[in-house]
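The values are calculated or read from the model by the stated rules, or taken from the named source; none is laboratory data. Fair warning: this is a prediction, and the values are worked out from it, not measured in the lab. With ideal geometry, Cβ positions are generated from the backbone for all residues, glycine too; neighbour counts draw on all protein chains shown.
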Amino acid sequence: MPSILHVFNRRAVLGFATILLVSPVWAQDSIKVGLVAALSGQSAKSGEAITRGLELAIDEINTGGGILGRKIELVRRDDESNPAKGILAARELVQKEKVVAFFGGIDTPVSMAIVPFANTSKVPFIGVWAAGTPITRNGASENYVFRVSAVDELVDQAMVDRAIAKHHAKKPGLMLINNSWGESNEVGLKAALSAKGIDLAGVEKFDNDDLDMVPQLARLKQNGADSIVLVANVAPAAQMVKSLDRMSWDVPVVSHWGPAGGRFTELGGPRTEKVDMVQTYSFSGKLSPKGEKVLAALKAKYPDIKSAADVTPAVGIANAYDALHLLAIGIAKAGGTDGPALRKGLYEIGTYDGLIKNYSKPFSPDNQDALSKNDYMFTHFVKGEIVPLN
């Protein structure tokens with residue numbers, strides 16, 4: 001008769017063998033990737049969307065065996081839309097958490113603060129929302145900043161084209177947030193308008209916590225503005241729309257994508273649904289097979305998502321999802337996670353059938369932005385859902 005100890009040892013061995021059969025066998029420790037984004041405050045929805053896009057891609061990759069036999073692990077830090085907190089978060093992720101690459105959030109000023117650190121530390125920094133042109137076009141001889149997102153210079157051209165084609169703009173006015181993101185767009189918008197031979201009614205600035213923009217809008221109206229081109233994130237964009245309501249000025253508004261990052265319709269009221277807004281993706285309407293697959297995965301993973309209307313903002317999810325998959329391909333190409341080798345691996349990516357588009361050679365030393373002007377669409381809010389416009 002076998003001893004109790006013998007039976008216990010046999011059961012333990014069998015149990016361990018069962019675990020080995022049902023669990024993936026990872027070669028080494030996990031590959032850590034980081035996220036620095038607004039996880040709280042008025043733009044918290046943007047950080048949540050980016051997180052979900054990254055997590056969905058990570059689930060797919062880990063289920064398929066990981067990268068180089070290692071699973072991916074996400075480590076997040078909240079920048080609170082504050083550049084000083086963003087750079088501290090980036091340093092912690094790289095120096096303490098040892099991430100091999102990290103992703104950025106909605107705010108251009110935060111990303112601009114991080115860029116020098118990414119380049120000196122030689123750890124790839126991948127933007128998935130902030131659109132400031134100098135983020136990737138930063139002049140570094142060895143540039144470690146990549147982006148799967150819009151680029152202000154190209155968005156500015158798209159917004160001007162939209163204002164002219166849809167709203168017959170002949171003298172638009174600019175309403176710009178008073179920071180480096182607004183500055184980036186001022187340069188791009190003036191160049192885009194000049195190229196079209198379009199006069200400018202004026203340029204007005206406002207701060208993030210301004211509650212009344214009637215004075216700035218009144219000056220534009222007095223100067224003959226027939227449309228408004230808006231560059232701002234959620235809170236000030238909502239205040240601008242409310243200021244238009246107080247003036248009873250029914251002027252068309254073409255906006256950058258900042259309002260998509262939070263509670264725009266809730267803060268700004270019904271007039272927000274009239275704002276044309278740039279996006280790179282929408283889960284509304286007819287989807288590709290990959291779009292259907294990702295939407296189904298979102299519903300399964302996050303109980304609050306019941307339909308496409310709950311996937312807000314879709315752009316954060318889509319950009320982050322594609323960016324994580326591209327990073328994984330870059331790591332595989334590099335054969336490891338060393339920063340310089342990974343940078344080279346990102347340049348060596350061939351094709352990837354993504355959510356936003358089919359990518360072909362998305363990165364090169366001359367262009368570290370994976371998306372082009374042809375990848376943008378215009379949308380608007382309808383009862384909280386971001387819906388494509390014709």
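So which residues in segment 273-312 are closer than 13 Å to Gly384 by Cβ and in contact with a Pro (Cβ under 7 Å, 6 or more places away or on another chain), if there are any at all?
Once the filter is applied, which keeps residues that are closer than 13 Å to Gly384 by Cβ and in contact with a Pro (Cβ under 7 Å, 6 or more places away or on another chain), segment 273-312 yields only Ser284.
Of the residues in segment 335-356, how many are in a strand (DSSP E or B) and either surrounded by 14 or more Cβ atoms within 10 Å (Cβ to Cβ) or among the aliphatic types (A, V, I, L, M) (or both)?
Within segment 335-356, the first condition is being in a strand (DSSP E or B), and the residues that meet it are 351-353.
From what's left, either surrounded by 14 or more Cβ atoms within 10 Å (Cβ to Cβ) or among the aliphatic types (A, V, I, L, M) (or both): 352.
The total comes to 1.
Which of the residues spanning segment 290-313 are part of a helix (DSSP H, G or I) and modelled with pLDDT of 90 or more?
Looking only at segment 290-313, we keep the residues that are part of a helix (DSSP H, G or I), and these are 290-301, 308-310.
The answer is Lys290, Gly291, Glu292, Lys293, Val294, Leu295, Ala296, Ala297, Leu298, Lys299, Ala300, Lys301.
Check Ala140 against each of (1) without any contact (Cβ under 8 Å) to a residue 40 or more places away in the chain; (2) closer than 17 Å to Tyr376 by Cα; (3) surrounded by fewer than 16 Cβ atoms within 10 Å (Cβ to Cβ) and name the one condition it does not meet.
It fails just one condition, (2).
Filter segment 357-376 for residues that are out of contact with any helix residue (DSSP H, G or I) (no Cβ under 9 Å at 6 or more places or on another chain) and assigned to a strand (DSSP E or B); which is nearest to Asp310 (Cα to Cα)?
My answer is Asn358.
Checking Val254 against (1) buried (at least 17 other Cβ atoms within 10 Å of the Cβ); (2) free of Cβ contacts under 8 Å to residues at least 60 places away in the same chain, only one condition comes out false. Which one?
(2)
With the structure loaded, tell me whether Ala150 is surrounded by 24 or more Cβ atoms within 10 Å (Cβ to Cβ) and either assigned to a loop (DSSP other than H, G, I, E, B) or within 17 Å of the chain's Cα centre (by Cα) (or both) or whether it fails that test.
Details: surrounded by 24 or more Cβ atoms within 10 Å (Cβ to Cβ): yes; either assigned to a loop (DSSP other than H, G, I, E, B) or within 17 Å of the chain's Cα centre (by Cα) (or both): yes.
Yes: the conditions hold for Ala150.
Would you check if Ala225 is closer than 26 Å to Ala38 by Cβ, aliphatic (A, V, I, L, M) and free of Cβ contacts under 8 Å to residues at least 60 places away in the same chain? Walk me through it before giving the result.
On the way: closer than 26 Å to Ala38 by Cβ: no; aliphatic (A, V, I, L, M): yes; free of Cβ contacts under 8 Å to residues at least 60 places away in the same chain: yes.
Spelling it out, it is not the case that Ala225 is closer than 26 Å to Ala38 by Cβ, aliphatic (A, V, I, L, M) and free of Cβ contacts under 8 Å to residues at least 60 places away in the same chain.
Go through segment 50-72 and give me each residue that's surrounded by 15 or more Cβ atoms within 10 Å (Cβ to Cβ), over 17 Å from Asn319 (Cβ atoms) and not hydrophobic (A, V, I, L, M, F, W, C).
Asn62, Gly66, Arg70, Lys71
Which residue out of Ala318, Ala323, Ala332, Ala328 is under 21 Å from Ala37 (Cα atoms), in contact (Cβ under 8 Å) with a residue 12 or more places away in the chain, assigned to a helix (DSSP H, G or I) and more than 15 Å from the chain's Cα centre (by Cα)? Walk me through how you get there before you give the answer.
Numbers: Ala318 fails: more than 15 Å from the chain's Cα centre (by Cα); Ala323 fails: more than 15 Å from the chain's Cα centre (by Cα); Ala332 fails: under 21 Å from Ala37 (Cα atoms).
Of the residues listed, the single one that is under 21 Å from Ala37 (Cα atoms), in contact (Cβ under 8 Å) with a residue 12 or more places away in the chain, assigned to a helix (DSSP H, G or I) and more than 15 Å from the chain's Cα centre (by Cα) is Ala328.
Please go through (1) crowded, with 22+ Cβ neighbours inside 10 Å; (2) closer than 30 Å to Ala218 by Cα; (3) not charged (D, E, K, R) for Gln157 and return the number of the only condition it doesn't satisfy.
(1)
What is the residue count in segment 163-187 for residues that are assigned to a helix (DSSP H, G or I) and farther than 26 Å from Pro109 by Cα?
Number satisfying all stated conditions: 5.
For segment 27-143, which fully contained strands (runs of 3 or more DSSP E) count at least 2 residues that are on the phi < 0 side of the Ramachandran plot and of a type in the set (Val, Ile, Thr)?
Working: elements: 31-37, 72-78, 101-104, 125-127.
It comes to 31-37, 72-78.
Residue under question is Arg263, and the condition is that it be under 19 Å from Gln42 (Cα atoms), charged (D, E, K, R) and either in contact with a helix residue (DSSP H, G or I) (Cβ under 7 Å, 6 or more places away or on another chain) or assigned by TED's automatic domain parsing to the domain that holds Leu176 (or both); does it hold? Spell out the reasoning first.
Details: under 19 Å from Gln42 (Cα atoms): yes; charged (D, E, K, R): yes; either in contact with a helix residue (DSSP H, G or I) (Cβ under 7 Å, 6 or more places away or on another chain) or assigned by TED's automatic domain parsing to the domain that holds Leu176 (or both): yes.
Taking the combined requirement at face value, the residue satisfies it.
Consider Val145 carefully, then state whether it is surrounded by 21 or more Cβ atoms within 10 Å (Cβ to Cβ) and in the same structural domain as Ile356 (by TED's automatic domain parsing). Spell out how you get there, then give the answer.
On the way: surrounded by 21 or more Cβ atoms within 10 Å (Cβ to Cβ): yes; in the same structural domain as Ile356 (by TED's automatic domain parsing): yes.
Yes; evaluated as a whole, the condition is true for this residue.
Kindly list, by first and then second residue, each pair from a residue in segment 91-112 that is free of Cβ contacts under 8 Å to residues at least 40 places away in the same chain to a residue that is assigned to a helix (DSSP H, G or I) and crowded, with 20+ Cβ neighbours inside 10 Å, limited to pairs with Cβ atoms under 6 Å and residues at least 6 apart or on different chains.
Ser111/Ile135
Right, Asp276: charged (D, E, K, R) and within 21 Å of Val151 (Cβ to Cβ) or not? Step through it out loud before you land on a result.
Details: charged (D, E, K, R): yes; within 21 Å of Val151 (Cβ to Cβ): yes.
Considered against the rule, which asks whether it is charged (D, E, K, R) and within 21 Å of Val151 (Cβ to Cβ), Asp276 comes out as yes.
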